[in-house]
1. Could I have the simple spin-label model distance between Leu534 and Asp193, label points 7 Å from Cα toward Cβ, reported in nm to one decimal?
2. Expressed in nm to one decimal, what extension gain is obtained for the pair Asn368 and Arg521 from 0.36 nm per residue of sequence separation less their Cα-Cα distance?
3. Please give the net charge around Tyr589, taking every other residue with its beta carbon less than 9 angstrom from that of Tyr589, where Lys and Arg add +1 and Asp and Glu add -1.
4. Listed highest first by mean packing, meaning other Cβ atoms within 10 Å per residue, what order do 526-533, 800-807, 38-45 come in?
5. Just the number, please: carbon plus sulfur as a percent of the accessible area of segment 447-572, 1.4 Å probe, no ligands or DNA/RNA counted.
6. At q = 0.13, 0.24 Å⁻¹, what log₁₀ I(q)/I(0) does a Debye calculation on the Cα points of segment 386-488 give, no solvent, two decimals?
7. Could you report segment 386-488's accessible area per residue, 1.4 Å probe, as an integer in Å²?
8. Along the Cα→Cβ direction, 7 angstrom out, place labels at Val425 and Ala507. What is the inter-label distance in nm?
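The values are calculated or read from the model by the stated rules, or taken from the named source; none is laboratory data. This structure is a prediction, so every number in the text was calculated from the model and none was measured. Here Cβ is always computed from backbone atoms with ideal geometry, including for glycine, and neighbour counts include all displayed protein chains. Side chains included, ligands, DNA and RNA excluded: accessible areas come from the protein's heavy atoms. Shrake-Rupley method; radii C 1.70, N 1.55, O 1.52, S 1.80 Å.
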Amino acid sequence: MFTMSPPPPPLPPPQIRWTKTAGGASDRQGDSSLHNETLRIKTISRHQGGRYYCKAENGLGSPAIRSIRVDVYYLDDPVITVHQSVGEAKEQFYFERTVFLRCVANSNPPVHYTWRRGREVLTQGADSGVEIYEPFFTQGETKILKLKNLRPQDYADYTCISSVRNVCGIGDKSAHFSLSNRTAPPSIKLLLDDPLVVNPGETITLVCVASGGDPPPTLIWVKPGGEELPKRCVVNGGTLTIPGVTVDDGGAYSCVASNNVGNPAKKSTTILVRGLRKGRFWITPDPYHNDDNIQIGREVKISCQVEATPPEELQFSWLKNGRPLRSSERMVITHTDTDISPGTTNLDIIDLKFTDFGTYTCVASLRNGGTPEISIDVNISSTTVPPELTVPRGRSHLIAQEGDTVDLQCLVSGKPKPIILWSRVEESGAAAAAALMPDGSAQTESYDGVLRISNVTREMGGTYRCQTSQYNGFNVKPREALIQLVVQFPPTVEPVYTEIRQALGRAFSLTCRLLRAHPARLLRYEWKLGSRLLTVGQFSDQKDDTSYHVRALNREGYGEYTCDITNEAGAGRCTFLVTGKAYAPEFYYDTYSALWQNRPRVYGFKLQWTQMEPNAVDRILAYRLGIRQMGQSRWWEQEIPMEGTIQKGELLTYNLTELVKPESYLIRLTPITRYGEGDATERIITYSAPVNPHLREFQCGFEDEALCLFSQDKTDEFDWTRHSAATRDTKYTPNTGPSSDHNGSKQGFYMYIETSRPRLEGDKARLLSPTFNMNSKTSSSSAVSNSPTYCFAFFYHMYGKHIGALNVFLRQKGQTVTDTSVWSLTGNQGDRWRQAKVNIHPTMAFQMVMEGVRGSGIEGDIAIDDVTIEEGECKDPPPNNLRSLAPPSSPHIWQLCITLSLALMGQQR
């Protein structure tokens with residue numbers, strides 16, 4: 001079904017990479033894609049502007065680097081803000097009232113501003129009461145209109161027009177403001193109490209109204225610091241409603257009014273949600289005695305603390321054994337000022353007696369109710385003793401492994417039993433600095449003396465402190481103890497996984513590196529191939545890696561190598577997959593004239609590719625080629641044998657010769673070595689029929705801009721130009737070129753070469769016709785004698801003392817491209833159009849190449865017009881048929897040219 005093509009040209013195709021000034025092409029967050037040498041950015045945004053660099057390298061010489069700058073143009077809506085200035089002039093006793101109108105719009109390129117008053121355009125200097133200036137610090141983004149000492153005519157409608165001068169079709173944008181004697185900055189008032197005290201579960205409504213400002217201001221509600229409003233909130237203009245309020249909804253709320261005049265107005269209120277929390281107590285023995293025990297005859301103070309909202313509504317009462325207790329000479333009840341500290345009440349028992357032993361209850365409540373009260377019981381008896389703190393034997397130094405759950409325990413005695421506060425101590429030289437607890441807090445409370453840490457990590461190791469709190473205990477010097485936690489974790493190694501591709505018989509080394517481990521001593525390593533043990537050993541203190549060396553790879557040496565580095569906590573593993581698989585081939589998308597037609601509805605396609613790292617593994621013996629018509633499930637496969645060694649960057653070619661419609665196929669290419677199949681690569685080829693697949697007659701007078709599908713050759717020095725005598729400027733070189741097209745029309749078009757500077761003698765411009773397929777049932781392998789004959793005709797104009805040459809080539813496009821000279825003429829032929837006709841005998845798909853060569857000076861313009869191709873011999877050839885003036889030349893060897901292009905979607909110039 002397929003045939004092998006001859007060896008490709010020796011030039012390897014380059015590898016293309018795009019990068020940007022601010023980073024690589026991978027920084028495009030998925031909205032761009034590399035295809036071939038074209039970088040496509042879909043829906044470009046303003047931050048993607050900048051300079052892009054294209055780097056092409058094929059292993060021969062230095063890389064080629066070119067750059068292109070991409071400017072993304074945009075224009076935001078302008079905004080007008082108005083500011084007033086009222087100041088007293090010292091020399092004169094009057095007030096000068098000045099108004100500034102500031103216009104701001106972000107754009108690229110820099111915006112140009114225009115101010116209008118009504119329909120009148122305001123300019124600097126045209127009105128003594130108006131100044132227009134641009135502050136230096138705004139860097140071109142702001143234009144200020146200054147109205148000095150307001151006059152009646154200054155009360156008008158103002159328009160700021162921002163423009164980027166229609167770049168990329170971006171039209172002008174405008175903003176309007178009506179200045180009047182009523183124009184004023186906003187002012188607001190809140191229709192609610194401040195602070196607003198509510199009970200949990202209530203629905204509250206905050207109302208903010210504008211009390212002044214022209215134009216009428218817009219009202220919004222915000223919380224300080226950018227904090228979000230509660231999600232249950234309902235906002236309607238200046239009204240904010242919060243249903244089912246909770247303690248978390250408390251705090252400050254601000255109403256902001258803005259009308260672009262002066263500064264926004266802002267007023268705030270505070271919502272207080274009634275509540276009681278954090279009930280605490282502590283006992284203070286008589287401070288005039290040295291011991292901390294409760295004894296008869298001493299003074300004892302019981303303190304009770306509660307946080308309340310609002311604090312001024314907090315009230316306390318005391319009970320003894322359930323009965324109300326009133327202040328007396330021996331039992332003194334006092335309360336602290338809630339404005340200074342959290343609400344605290346004290347019960348002083350002077351000259352403690354046996355009858356004073358019992359249960360004392362502190363009851364906290366809010367005067368207006370709305371929340372449950374808090375009761376705190378404190379027992380005072382002969383058994384009441386201050387706290388002691390110890391760590392159980394063997395628990396002051398704990399060793400855990402990463403992922404374990406560990407309990408840190410401190411034993412606390414005393415009656416009543418105090419709360420234990422856990423904190424962390426991080427040793428930093430001689431000083432101890434506080435570190436955060438595993439839950440992220442600075443301190444953690446515990447009522448049973450146990451701190452449980454689940455899923456221990458290596459960062460949680462260190463010294464922990466437990467200490468007694470004065471709350472729920474004695475107000476004595478805190479007792480404390482330290483516990484050391486050591487977290488062991490398995491070695492962390494690199495590489496975790498890597499693939500090594502090697503050819504048979506080669507030497508290579510595998511290295512596994514230790515990054516960190518605890519404990520980091522007595523580390524062992526173990527190398528295996530599959531389940532087979534290769535070597536074992538132990539790390540020295542100075543070494544942090546281990547290597548395994550293979551002197552000559554054999555077939556049994558392929559497979560998965562593992563290196564386990566172990567300590568008491570476990571193992572870290574490096575894995576290396578050693579394989580002889582060939583790397584994937586890389587398709588070459590810019591194959592010159594990839595498509596041709598064999599016969600009606602049957603096409604050929606030249607497939608070209610390079611091999612990634614061909615020398616990394618054994619020689620590639622063949623490629624498995626798979627073809628599947630898109631939409632079908634069946635694959636056709638065959639092998640393409642390879643002779644000799646493939647070089648890096650070498651362009652490989654294979655012709656697909658039996659492609660029929662529909663016009664899309666999925667191609668899969670898999671390299672094969674003696675190891676087996678390598679990595680496959682797939683691509684979709686899509687094609688359409690060439691122009692005039694069965695040529696009978698072709699005519700082109702270059703009247704349309706499409707040039708009848710003629711194209712410029714990208715490998716020449718300059719291009720042909722389409723022009724008419726009516727538009728061409730002949731003042732610079734008046735003694736050259738035609739004064740009309742071939743038919744005598746000043747408006748008619750033709751193609752010509754412009755030989756003025758910067759053109760140099762010998763520069764070539766080539767114009768390529770469309771690709772034609774012969775109207776013949778014979779195959780491309782038929783003899784020339786069986787090939788049809790076509791007449792190629794055109795008109796030429798070669799006038800000027802510096803005329804160079806006009807050459808015509810027949811370009812045939814089979815498995816290789818060949819150019820054959822069929823007509824040539826040099827020198828001045830006079831100021832008139834002449835016709836040339838020549839018989840051509842193509843044997844396969846072909847193009848006609850029209851080559852203009854620049855002569856020794858600027859008076860050397862050559863023009864062509866009315867090109868035709870007809871089936872059959874030329875009739876009535878002109879008497880000076882010049883087709884024999886130049887012998888057929890050997891085929892051109894076209895230099896490979898990489899075109900760097902950037903295709904941009906979205907707004908661009």
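1. Calculated label separation equals 8.1 nm.
2. Numbers: separation 153, 0.36 × 153 = 55.08 nm, distance 6.72 nm.
The Asn368-Arg521 span can extend by a further 48.4 nm.
3. Values: positive: Arg683; negative: Glu37, Asp590.
Overall, the nearby charge balance is -1.
4. Numbers: 526-533: 13.9, 800-807: 21.4, 38-45: 16.5.
Going from most to least packed, we get 800-807, 38-45, 526-533.
5. Values: 3070 of 6770 Å².
C and S atoms contribute 45 percent here.
6. Once normalised to I(0) and log-transformed, intensities are -0.45, -1.32.
7. Working: 5310 Å² over 103 residues.
The answer is 52 Å² per residue.
8. Using points 7 Å along Cα→Cβ, the separation is 5.7 nm.
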